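Here's the structure, in structure tokens; my notes come after.
The values are calculated or read from the model by the stated rules, or taken from the named source; none is laboratory data. The structure presented is a predicted model; accordingly, all values stated were derived computationally and were not measured. We place every Cβ from the backbone using ideal geometry, glycine too, and count neighbours over all the protein chains shown.
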Amino acid sequence: MINLDSLQQLVDLGESLEREFKSDRVRLSDKDIVEEIVAMANTNGGVLLIGVEDDGRISGANPRHGSVTDPLKLQSAIFNRTVPNINTRVSTNQHPDGTVITIEVDPYPEPCATTSGKSLKRAIGPDGKPQTVPFYPRDQRSRRIDLGMLDMSALTIESSSFNDLDPLEFERVRQTIYRLKGAQALTELADDDLAKALRLVESRDGGLVPNLAGLLLLGKEERLRELIPTHQVFFQALDVEGNVKVNDVFYGPVVKVLNELESRFSTRNEEREILVGFVRVPVPDYSPEGFREAVNNALLHRDYNLLGAVYVQWWPDHMIITNPGGFLPGITISNILVHEPKPRNPRLAEGFRRIGLVEQTGRGVDKIFRGQARYGRPLPDYTRSDNTGVRVVLRGGSSSLEFAAFVYGQEKKGTPLTLDELIILNTLFFERRIDSVSGGEILQKGINEGKAILEKLVERGFVEAKGEKKGRIYHLSAQLYRLFGDASSYVRIHGISALKHEALVMEFVEGHGRIARKDAISLCGISEDQAKRLLQILVKKGKLSRKVSRGRASHYEKS
């Protein structure tokens, strides 16, 4: 239950999809409360705060049961006026500015409504603020799909038939299986047996009828336009001002569409070369493997209930790939790297895997990150995603040839970098220094895993650490800075502070004749162990000599 401290924290966070503030200056009706609870249950769950203004000011709630508010009675009222019955957690808090009623609700695994038949959900409005809106049947079907209760790609369309499938697409699929080393046995099957083996058809009235996945993979284009009008894919090339120079739209079966997109990608994806030993290593503007996986994900995870299209937008220095439908429940920007695979369209995903378009593990996101990182480019950026769509930005432009050569060199030696190591090194390449907390956040695996990978890179000689164990700061090693042709940055990162500390100590000794460890700590703002090492270094360099005074702590004088 929410106490006064947690109440203030919620108010300070402001309104969101999961938090709604309701003023009770004009008494809020039970009907309004029930509708807000239904909307939250149909979205991500959340908490309703009654007696709080939209701007976060606490104005107080009116008592709902005589002179008080009985949490159990309010909880019972909500339970009895919702279908299915929604369980909530109700509490009251006596804030200095007035009573606040808090109602917590969990997301429900099926669509909810009021007993009068009204169904609502939470959404972000055109003004960027959360609001409660109608929860239409099409949205309810999308909700079931998101919750894993329904696989739309396994459903059949009433007016479709086996004749809607294109013999040419069966042959294209066979060629793709052979080229990508999919399930080779499938190439020997007749068309109807191939469709059955890939589970792209269902039996109906003694015949075979394609499901949505079957139409998307094998359907005739004219029938796809009629039966699945939401299936559209755009390839757009834009200039720096956002003017569209190329605007190609595709409605055909997805294997054909993927081939068209890859053709346009290849013609624009320029390469440079760097010599590693006697081998010329090509370094493209964008990783072909990363691009393929990003496009595959957009087609596999889009919501085919929603109007809208998959967009591949090619800008002068980056690319944006967008698909309708937000992340599935449980997946966020902060865990996309580590969350287990969760396809929105399982039957279509199964077809992709058996054909060879995606790997069996379903870890396409790993390939997108590796594709960016291995060529010394910023990691994929998903921050533009919201509940209406997933958007990934891939940065292009000039890459680091030296970084790409280093990665290739490790692979040739038989000591390839893991994805975690590659992500950390890529981050250090751009941000210069990180700590174990930042490392854990970047890897999405927590501080312990971040520290473990950083320390492993220290052991391999690719990273150096400064400071004590609890506050260690990591940066690329001198070896890598030399390899990347940027030795001056290493001096700036590593050497200036050390040289500055030595100069401060010697200046102090010149003025005072001696220096103790506590003086070095205060003077340089460093720890006791760091001060000890600093003074020992100056002794080894012959600049200071250590003196031990009877009954007093040791000190250092000019040598």
Counted residues in the range 1-48 being in contact with a Lys or Arg (Cβ under 7 Å, 6 or more places away or on another chain) and among the aliphatic types (A, V, I, L, M) come to 10
Heads up, the helices (runs of 4 or more DSSP H) in the range 1-90 (entirely inside) with at least 3 residues that are farther than 13 Å from Ile103 by Cα and of a type outside the set (A, V, I, L, M, F, W, C) are 4-13
Matching residues in the range 227-245 (touching a residue at least 24 places away in the same chain (Cβ under 8 Å) and either basic (Lys, Arg) or surrounded by 12 or more Cβ atoms within 10 Å (Cβ to Cβ) (or both)) number 11
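Consider the range 211-226. How many of its residues are surrounded by fewer than 19 Cβ atoms within 10 Å (Cβ to Cβ) and under 22 Å from Arg353 (Cα atoms)?
Of all residues in the range 211-226, those surrounded by fewer than 19 Cβ atoms within 10 Å (Cβ to Cβ) come to 221-222, 225-226.
Cutting the leftovers down to under 22 Å from Arg353 (Cα atoms) gives us none.
Qualifying residue count for the region: 0.
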Apart from one, (1) under 31 Å from the mean Cα position of the chain (by Cα); (2) of a type in the set (S, T, N, Q); (3) farther than 29 Å from Ser59 by Cβ all hold for Thr88; the odd one out is (3)
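Just need a number here: residues in the range 23-38 that are in contact with a strand residue (DSSP E or B) (Cβ under 8 Å, 6 or more places away or on another chain) and more than 14 Å from Glu104 (Cβ to Cβ).
Residues flagged as in contact with a strand residue (DSSP E or B) (Cβ under 8 Å, 6 or more places away or on another chain) and more than 14 Å from Glu104 (Cβ to Cβ) within the range 23-38 amount to 8.
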Wholly inside the range 388-487, strands (runs of 3 or more DSSP E) that include 2 or more residues that are touching a residue at least 40 places away in the same chain (Cβ under 8 Å) and in contact with a Lys or Arg (Cβ under 9 Å, 6 or more places away or on another chain) are 389-395, 473-476
Looking at the structure I just gave you, is Ser161 surrounded by fewer than 16 Cβ atoms within 10 Å (Cβ to Cβ), small (Gly, Ala, Ser) and not assigned by TED's automatic domain parsing to the domain that holds Ile37? yes
Those residues of the range 247-262 which are in contact (Cβ under 8 Å) with a residue 60 or more places away in the chain and part of a strand (DSSP E or B) amount to Val249
The residue that is farthest from Thr388 (Cα to Cα), considering only those in the range 106-141 that are small (Gly, Ala, Ser) and buried (at least 17 other Cβ atoms within 10 Å of the Cβ), is Ala113
If we keep only residues of the range 205-244 that are assigned to a strand (DSSP E or B) and of a type in the set (S, T, N, Q), then the residue farthest from the chain's Cα centre (by Cα) is Asn211
